[in-house]
1. Between the DSSP loop rule and a limit of at most 15 other Cβ atoms within 10 Å, which GluC sites (Glu not before Pro) in segment 361-441 are left?
2. What FRET efficiency comes out for the pair His276/Gln366, r = Cβ-Cβ distance, R0 = 60 Å, nearest 0.05?
3. Based on Cβ point charges of +1 for Lys and Arg and -1 for Asp and Glu, what charge dipole magnitude is obtained for segment 298-422 about its Cα centre, in debye rounded to the nearest 20?
4. Run the dipole for the chain about the Cα centre, Lys and Arg Cβ at +1, Asp and Glu Cβ at -1, nothing else charged, and hand back the magnitude in debye, nearest 20.
5. Would you mind counting up the charge near Val483? Only other residues with Cβ under 14 Å from its Cβ, with Lys and Arg at +1 and Asp and Glu at -1.
6. Report the label-to-label distance for Arg124 and Glu108 in nanometres (one decimal), using points 7 Å from each Cα along the Cα→Cβ vector.
7. I want to verify the translational diffusion coefficient of segment 298-422 in µm²/s; compute it with Stokes-Einstein, Rh as the Kirkwood radius over Cα pairs, at 25 °C and 0.890 mPa s.
8. What length, rounded to one decimal in nm, is gained on full extension from Asn515 through to Glu415, with 0.36 nm per residue of separation minus their alpha-carbon distance?
Amino acid sequence: MALDGIVTRAIVHELTACRGARISKIYQPNERDIVLHIRSQNGNAKILLSANPTYPRVHLTEESFLNPPEAPMFCMLMRKHCESGIIEEIKQIGMERIIHIRVRQRDELGDVSSKTIIIELMGRHSNIILLDHSTGTILDGIHHVTPAISSYRIIMPGVAYTEPPQQNKLNPLETVQEQFRESCLLSSDDPIACLVDSFSGMSPLAAQEIAHRAGYTTGGDPSSAEKDCGGLWNAFSEIMTEVENHRYTPVSGVNVKGKMVFSVIPLTMLPGQTEHYDSPSKCLEDYYGDKAQRDTVKQKVSDLLRFLQNERSKNIKKLDKLHEDLEEAGDADRYRISGELLFASLHSIQKGDKQAELLNYYDEDQQMITIPLDPLLSPSDNAQRYFKKYNKYKNSLAVIDEQLIKTREEISYIENLLQQLAHASLNDIDEIREELIQQGYLRDRSRKTRKKKKNDKPTLHMYTSSEGIELYVGKNNLQNEYVTNRLASSNDTWLHTKDIPGSHVVIRSDSFGENTLQEAAQLAAYYSQAKESSSVPVDYTLIRHVRKPSGSKPGFVIYDHQKTLFVTPDAQLIKSLPNVIKNQRK
């Protein structure tokens, strides 16, 4: 794991600027994350505390989080004991991935009390624990550990807090050369394993960097590197001096295996270009991005993806079959001609004939035509059989055309939903699922049978252009319907990728510059099926020229008076635009 004790030390050092800050609000956007909104002399900020089993982390964040309508119990407890409190101390325990945040607060009676928020960043064992500072008693944890799970450490309300088991490793910041040499000689022949096993807070990535600076390369002779304890000590000492004096260089890049890595020490071993950051928090936010949310979304969306992909496959097969029927029905006149020729030549055909060679007087060249016959039928019945086929296919043409239109619309609708799922947040998924229930694709299996209110508004994603104008983006059909048909005014500008599934984007102003138009087009292209393409066509027109046909699928509109511009989606530009998520549901 890249977030080791060294990165934790850098984060804690950065967060020391928050000492004396007041916690104004506390939110819990999901089951493993807590967001602290703080106010200090330096301004407002947000601290993300995450006990995500795959991506545990702590850092300052600028990301917008969508919070549930009802706060979870742990969040309510955090608000009771920490909201309006002052952050007195933020410290790291040794070089471990454990952070303590001590908060002083006055309770309802005016008495001053201290609570400690403990964040343990330990992979799948990660946790956020609220502790009574004076008694050491656990008030609650974001993840409960019962006696059935662990007899050594129980994380439950009312239980005395027990620290994670000691690993009995050396503190790298307090290690002298003799101690280093002793551990080097006694440990594994592999210098990387030696460093990781001997020193607390040392990740394989940091150990690889030390070994690289000492001249050890992956695939080389480990025994020769092990003997050069002097070279390893020099590299180790150089890095630890920087860490001890809080001289950090947040950096990310791709290692030799093609995997993205990050650290707060210079990574000279990386073969390609590296990205440098102003602070550890910016490095972590860029590295993790929305990885944690995307993983959660993937788990939650798997059944929807499978269902929609199956529906698309069924409709594609249906479309192929309809094309076959259409091709066959297109030959309806051939059956009529065959029937008429047989009726005109009944005298020359006998029952039992398998075919009839007749003159085709409908043909300009008057050529002979071979007509297959059923030997069990009389000549008259054979002729009637061809007329029945003619009538059947003639009547089916209109039905086939209607079914073709419906099937194409169905495929387009499903592909649009699949595109929306690719960009969906957790709340967007719930709205897409709700839409499929409303449209009759899925059954409502929820135990609560709540009726959807007519004024129930979906989540709204709002960006602000460089000119300060609001840009609304619909990331699913419910949002698209609301943004386009209810929120926007007639003089607002509407954008959508041309003939490509994507989001509806609305510029909420009748007066704006070229920059706002380009940024809105970027949003339309980025949140579309053409996200990875270049020169994506984006249509734009006034809302008054956008209409929803009666009886059409959710999110479907027709428009005219449009103009088209071409943009290449720029992820960095999208990230740079200020944005908020508005939960409109009441």
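The values are calculated or read from the model by the stated rules, or taken from the named source; none is laboratory data. Keep in mind that what you see is a predicted model, and the values were worked out from it rather than measured. Cβ sites come from the backbone with ideal geometry, for glycine too, and all protein chains shown count toward neighbours. Ligands, DNA and RNA are excluded from the accessible area calculation, which covers all protein heavy atoms including side chains. Shrake-Rupley method; radii C 1.70, N 1.55, O 1.52, S 1.80 Å.
1. Values: sites: Glu364, Glu402, Glu409, Glu410, Glu415, Glu431, Glu434, Glu435; in loops: Glu364.
Here the sparse-neighbourhood loop sites are Glu364.
2. Working: r = 86 Å, r/R0 = 1.43.
Step by step, r from the Cβ atoms, then E = 0.10.
3. Working: 19 positive and 22 negative charges, 168 e Å.
That gives a dipole near 800 debye.
4. Numbers: 72 positive and 78 negative charges, 482 e Å.
The dipole of the chain has a size of about 2320 debye.
5. Working: positive: Lys457, Lys475, Arg486, Arg508, Lys548, Lys582; negative: Asp428, Glu431, Glu470, Glu481, Asp492.
Value of the local net charge: +1.
6. Here the modelled spin labels are 4.1 nm apart.
7. On the way: Rh = 17.7 Å.
For the chosen part, D equals 138 µm²/s.
8. Working: separation 100, 0.36 × 100 = 36.00 nm, distance 3.07 nm.
So the chain would gain 32.9 nm between Asn515 and Glu415.
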